[in-house]
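Here's the structure we're looking at; comments come further down.
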There are 2 protein chains.
Amino acid sequence: MAPAATELGLTLRVLVESADAAAALPAHETVVGQPSDADAVARLLAEPRPMALTWEHEHIPESLFEAAAAVGVPARPGLDALVFAQDKIAMRGRMESIGLPNPDWARVEDAASVTAFLDAHGGQAVLKTARGGYDGKGVRVIADAADAADWIARRAAGGPDLLVEQKVAFTRELAVLVARRPSGDVAVWPVVESIQRDGVCSEVIAPAPALDAALEMRAREIGAQVATELGVVGVLAVEMFEAHGELVINELAMRPHNSGHWTMDGSVTSQFEQHLRAVADLPLGDTSPRSAWTVMANVLGGARQELPSALADIVDPGAKIHLYGKAVRPGRKVGHVNVSGTHRQQVYDRAVAAAAIVREGVQQ
Amino acid sequence: MAPAATELGLTLRVLVESADAAAALPAHETVVGQPSDADAVARLLAEPRPMALTWEHEHIPESLFEAAAAVGVPARPGLDALVFAQDKIAMRGRMESIGLPNPDWARVEDAASVTAFLDAHGGQAVLKTARGGYDGKGVRVIADAADAADWIARRAAGGPDLLVEQKVAFTRELAVLVARRPSGDVAVWPVVESIQRDGVCSEVIAPAPALDAALEMRAREIGAQVATELGVVGVLAVEMFEAHGELVINELAMRPHNSGHWTMDGSVTSQFEQHLRAVADLPLGDTSPRSAWTVMANVLGGARQELPSALADIVDPGAKIHLYGKAVRPGRKVGHVNVSGTHRQQVYDRAVAAAAIVREGVQQ
């Protein structure tokens, strides 16, 4: 978000876990501490007071919202919206109440409730923790109540609440990215397809290839409706399954999201600029694509430890490299590559090839 | 340059005049001091040693090059190239020796040399200081030796050397932007037209409208030839006059340049990313335009003091705003706006309108 803030002349004061955190280097001002640390939060909110407070992940304690409210700094999105990205049970209930398409789902209280759900859904289901999951963590496919026993026991001991969901037989995964400012304006980017490997997003294709026009419109409507009904401020990603010509909501994220990284090079307005515009209640930017196709390929931690050295090995002049400055760990998202062009398969292959070089180095 | 460095995972350690200088906020690391201050320079070059040293203006003392050489940090561009952007007499002599198109010109030693030049060129000429000029400063149109008397006296007292140039009856001003890496690769962007008001660039149109294809090719050749012959590393801008179907070199800049700000939104690779790639000796990026037309409109200091407040007033969703965080002074370049699209006049009008709002606020 820092590069976008620099161009807009906005100052970003960032709460970082440690002085050498990845976010500290590009930040304009840094405060070191945990979001649960009242002293660090006081420094974050000190004069000159921020015009607003926003997030790059959803794991934000209520105390931080209270501290901001106490000094009149608006939290965007606020907890009344963010709770639906923090808590999957709250989210499922809310989607249901506003008539948006959920898979079948149920709270998990005990083994019996799991067995009943499995019996009603062909013997397979997806068990999830209501809070704290990401990138495949906190999600497990189950076929028997015994597969849920450890999480149920953990819940009984004070661990996270659980829900079980129908395992949707989907054709593919789609995502729609929207932004909403406090005054109510909503901007929607083209619907994208996201490709997952081992529960983690590996590529995003923008726009989603061969998407039925009615489904594209329906996906956009869902995105705008979630943003408006929940009173989201900032960028919202709605991840969906396409199944039997229908859409089913999978997850919500209320922040710039992996499914929107393609916008950094592929759209007139990047999700990071748009998030800042929305949070600062400024006119939203144009969400049009700049090219027929843009493909984003994630760089997951692999053999190469010093990622900037990859720049020397990537000779594709149109590969736009984005590195996060994070320590490399196996499978951790540490960067991504965007490629744009007119021929989809070529664009896809180029993005994947460049990301592989960043990750693994050049194979001799 | 900082946003581009952030995305590439490169760390930018910046020498700034004061802790509140505009460059300090987005910089990754800062050293406060003057380029002539040996102690500040030692801190700039301290361990971990920078992979290279580069510039955002040409007014660099020789001592800084010497300090870098002493610790093995390459200066890019080096003084042997940069001198031709620092010193207009050196530049004219070098262009002449490599056969590139100069206007008629002469060194100014005294009033008699001015009179002789005026007599030979229809009674009008352009007097320039060899060093230190920018944005119309250090440049004066003269019609009589008396118009040069004060600068000649200043030179005699140790002031800058002077030269006089033919006043070229040009149709318009063009610029070509190129980048060169130490290994020799050169990348050239499309030739642009720059529009000046009161000696200061006000707009740039990319590409230059209705440019003869042979002239476009000739301008690209000139750019590549200057970069190669002078051994430039980094971004080079060659400003030219189009006159009677010919090109005449006006000025050189060896750094990301105002005539290249359109690339930030209008080209696959921005001049700032490219400059970093060149300076770090990395493969150069694609210089293709992203749109049929991009217009850059400079924001010069005007009525509005707090520029980020302009963001609220600009409702054109495709106006890409770039603010520099500099204190507003009348006529100072404090930001620019890029607009891209398919209809040139509309794109031009939108860019100019948005820049006027940033500068002046909304006229009621």
Show the residue pairs meeting these rules: Cβ distance below 7 Å; 6+ apart or different chains; first residue within segment B:28-49 and assigned by TED's automatic domain parsing to the domain that holds B:Phe65; second residue assigned to a helix (DSSP H, G or I) and of a type in the set (Ser, Thr, Tyr). B:Ser36/B:Ser63
B:Arg359 surrounded by 23 or more Cβ atoms within 10 Å (Cβ to Cβ), more than 16 Å from the chain's Cα centre (by Cα) and farther than 20 Å from A:Thr269 by Cα: no
Odd one out for B:Glu221 among (1) outside any loop (DSSP other than H, G, I, E, B); (2) at pLDDT below 95; (3) surrounded by fewer than 19 Cβ atoms within 10 Å (Cβ to Cβ): (2)
With a cut-off of at least 3 residues that are aliphatic (A, V, I, L, M) and modelled with pLDDT of 95 or more, name the strands (runs of 3 or more DSSP E) lying wholly within segment A:26-135. A:125-129
How many of the residues in segment B:325-352 are more than 8 Å from every other protein chain (Cβ to nearest Cβ) and within 27 Å of B:Ala23 (Cα to Cα)? 15
Quick check on B:Leu163: is it under 14 Å from B:Ala224 (Cβ atoms) and part of a strand (DSSP E or B)? no
With the checklist (1) modelled with pLDDT of 95 or more; (2) crowded, with 23+ Cβ neighbours inside 10 Å in hand, flag the one item B:Ala310 doesn't pass. (1)
Can you spot a residue in segment B:267-282 that is modelled with pLDDT of 95 or more, farther than 15 Å from B:Ala4 by Cβ and within 14 Å of another protein chain (Cβ to nearest Cβ)? yes
Filter segment A:180-218 down to the residues that are in contact (Cβ under 8 Å) with a residue 24 or more places away in the chain and either of a type in the set (Gly, Ala, Ser) or in a helix (DSSP H, G or I) (or both) and list them by number. A:Ser183, A:Gly184, A:Ala187, A:Ser194, A:Gly199, A:Ser202, A:Ala206, A:Ala208, A:Leu215, A:Glu216, A:Arg218
Name every residue in segment A:200-233 that is of a type in the set (A, V, I, L, M) and within 22 Å of A:Ser97 (Cα to Cα), in order of residue number. A:Leu215, A:Met217, A:Ala219, A:Ile222, A:Ala224, A:Val226, A:Ala227, A:Leu230, A:Val232, A:Val233
Could you list all residues from segment A:54-72 that are buried (at least 19 other Cβ atoms within 10 Å of the Cβ) and either of a type in the set (Ser, Thr, Tyr) or assigned by TED's automatic domain parsing to the domain that holds A:Glu273 (or both)? A:Thr54
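Within segment A:112-122, does at least one residue satisfy the condition of being surrounded by fewer than 21 Cβ atoms within 10 Å (Cβ to Cβ), under 21 Å from A:Glu58 (Cα atoms) and either assigned by TED's automatic domain parsing to the domain that holds A:Val226 or without any contact (Cβ under 8 Å) to a residue 60 or more places away in the chain (or both)?
no
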Going through segment B:5-32 in order, the residues found to be within 9 Å of chain A (Cβ to nearest Cβ) and either in contact with a helix residue (DSSP H, G or I) (Cβ under 6 Å, 6 or more places away or on another chain) or within 24 Å of B:Ala278 (Cβ to Cβ) (or both) are B:Ala5, B:Thr6, B:Glu7, B:Leu8, B:Gly9, B:Leu10, B:Thr11, B:Pro26, B:His28, B:Glu29
Which of the residues belonging to segment B:69-82 are in contact with a Leu (Cβ under 6 Å, 6 or more places away or on another chain), within 20 Å of B:Arg181 (Cβ to Cβ) and in contact (Cβ under 8 Å) with a residue 24 or more places away in the chain? B:Val73, B:Ala81
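To keep it simple, each residue is scored yes or no on (1) surrounded by 19 or more Cβ atoms within 10 Å (Cβ to Cβ); (2) more than 27 Å from A:Arg172 (Cβ to Cβ); (3) outside the structural domain of A:Gly199 (by TED's automatic domain parsing).
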{"residue": "A:His257", "(1), (2), (3)": "yes, no, no"}
{"residue": "A:Leu276", "(1), (2), (3)": "yes, yes, no"}
{"residue": "A:Ala280", "(1), (2), (3)": "yes, yes, no"}
{"residue": "A:Ser288", "(1), (2), (3)": "no, no, no"}
{"residue": "A:Ala303", "(1), (2), (3)": "no, yes, no"}
{"residue": "A:Val337", "(1), (2), (3)": "yes, no, no"}
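The values are calculated or read from the model by the stated rules, or taken from the named source; none is laboratory data. None of the values given here were measured: they were computed from a predicted structure. For neighbour counting, all protein chains shown are included, and Cβ atoms are generated from backbone atoms with ideal geometry for every residue, glycine included.
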